[in-house]
Amino acid sequence: MSGTVHSRFVSELRSFYLVTLLNVVFAALAVALGIQYIVLSINGLAGGQPVSLVRVATAAVSMVAFGLGISWITAGARIMGGLTSIRRGCLSKEGPVPPEVTTSGIIRMIAHYRANKKTIRTMILVCTIGGFCFLALGIISSVEFFSMGLLSGTITLNTYSVLPAALFSLGIAIVSLVSSYYFMKFSKAWDLREDTLSRSEPELAEALERDPR
Amino acid sequence: MSSERRTPYEIYWEILVFCRIPRSFTAIIHRCNLNSKTGQDYISFLSKKGYLSPYADGEKSMYVTTDRASEYTTLFAKLYQALFDTGPGFGL
């Protein structure tokens, strides 16, 4: 039993670590992209370009995305720190893994989850809001790309520069929405486990209080 | 790992498993991430219940888990490992 339990536990840890790592990487990209949009908007205004509603909306959404990206990185790093330590404890053993190592890892993981439950809930929210912000940025940039082309009657080479940023925003949006889904799935699984453990506490209390035979 | 996020049952299990080999008080509180006050409370409880017994190694005062504890540690491990035997898991 222990081999299966250990492999399932380690596999879950690995999956969650990957989702969190992906989150941190994309959060860093989100911050960079947010800054890029802000700088482009300010440069456009300083360069004497007319103040358009699209430009103002882009600047506002990118500022929100930048702020969310920062809190996204902080939360992700906190979760990753704990996961790294738990994984190290479970993976560094050579040969067959004693059942105590697995149980100890489960205790550490449930304690880590209890300690970071609020952060994980925040990450679900941040990933969802961030995802929609970047979706909006991607759509706004795509609209800007097409309208510029339509207004001038031709699509000039310069307008193509908006396209990579739009695609990039859409990519980040998809990753953050998918992450949000996985964080929710993870949270649901561990909430259920925490509930199961709470229900088994009377049994443990009884075993602990039992008189010697 | 913050000790306040573990339940007392989890801390009891950690102490009992760690003390299968005689251990000093300092080693126990260090390994189980407890402060002296809470460490003393947990050890006193387990000693009073007969799950830990004092072990003299020269001048060193140590604690060792008794056979009686195996019922609790086995049940505990069974309950925690069962979390991964049944129910929905998490995976990519």
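The values are calculated or read from the model by the stated rules, or taken from the named source; none is laboratory data. This one's a predicted model, so the numbers in the text were calculated from it and none came from an experiment. In this analysis, Cβ positions are derived from the backbone assuming ideal geometry, glycine residues included, and neighbour counts consider all displayed protein chains. The protein model used for the area step is the full one, side chains on, heavy atoms only, and it has no ligands, DNA or RNA in it. Shrake-Rupley method; radii C 1.70, N 1.55, O 1.52, S 1.80 Å.
Percent of C-alpha pairs per 20 Å bin in the protein assembly as shown, short distances first: 28, 40, 21, 9, 1. Of the residues A:27, B:19, A:40, the one whose Cα sits farthest toward the positive end of the charge dipole of the protein assembly as shown, with +1 on the Cβ of Lys and Arg and -1 on the Cβ of Asp and Glu, is A:40.
Within the listed set B:14, B:59, B:71, the residue fluctuating most in the Gaussian network model of chain B (springs between alpha-carbon atoms under 10 angstrom) is B:59.
Say the cut-off is 20 Å between C-alpha atoms; which of A:118/B:78; A:117/B:37; A:118/A:188 go over it?
Values: A:118/B:78 28 Å; A:117/B:37 27 Å; A:118/A:188 13 Å.
Violating the 20 Å Cα-Cα cut-off are A:118/B:78; A:117/B:37.
By accessible area, using a 1.4 Å probe on protein heavy atoms only, the protein assembly as shown has 64% of its surface on carbon and sulfur. Taking all protein chains together, B:24, B:61 sort by accessible area into B:61, B:24, largest first [probe 1.4 Å].
Mind checking the per residue accessible area of chain B for me, 1.4 Å probe, whole number of Å²?
Per residue, chain B has 52 Å² of solvent-accessible surface.
Relative to the compact-globule estimate of 2.2 N^0.38 Å, the Cα radius of gyration of the range B:2-73 comes out at 1.01. With a 1.4 Å probe rolled over the protein heavy atoms of all chains, the accessible area of A:5, A:61 falls in the order A:61, A:5, largest first.
Take residue B:18: with every protein chain present and a 1.4 Å probe, its accessible area is about 30 Å². With all protein chains in place and ligands, DNA and RNA left out, the 1.4 Å accessible area ranks A:139, A:79 as A:139, A:79, largest first. Peptide packing: for A:99-107, A:111-119, the average count of neighbouring Cβ atoms within 10 Å per residue gives the ranking A:99-107, A:111-119, highest mean first.
Counting only Cβ charges, +1 for Lys and Arg and -1 for Asp and Glu, the dipole size of the range A:75-138 around its Cα centre is about 220 debye. Excluding ligands, DNA and RNA, the accessible surface per residue across the range A:77-142 is 42 Å² with a 1.4 Å probe.
Size of the dipole of the range A:1-114 about the Cα centre, Lys and Arg at +1 and Asp and Glu at -1 on the beta carbon, nothing else charged, in debye to 20?
Working: 9 positive and 3 negative charges, 26 e Å.
About 120 debye.
Residue by residue through A:194-204, how many Cβ atoms from other chains fall within 10 Å of the Cβ on average?
Details: counts 1, 0, 6, 7, 1, 1, 8, 4, 0, 4, 10.
What the average comes to for A:194-204 is 4.
Summed over both chains, the area buried between A and B is near 3900 Å², taken from the accessible surface of protein heavy atoms with a 1.4 Å probe.
Using only atoms on other chains, find how many Cβ atoms lie within 10 Å of each Cβ of peptide A:63-71 and report the average.
For peptide A:63-71, the averaged partner shielding equals 0.
Across all C-alpha atoms in the range A:1-92, the radius of gyration and Dmax reach 20.1, 70 Å.
Averaging the Cα positions of each part gives two centres, and for the range A:109-126 and the range B:1-55 these lie 27 Å apart.
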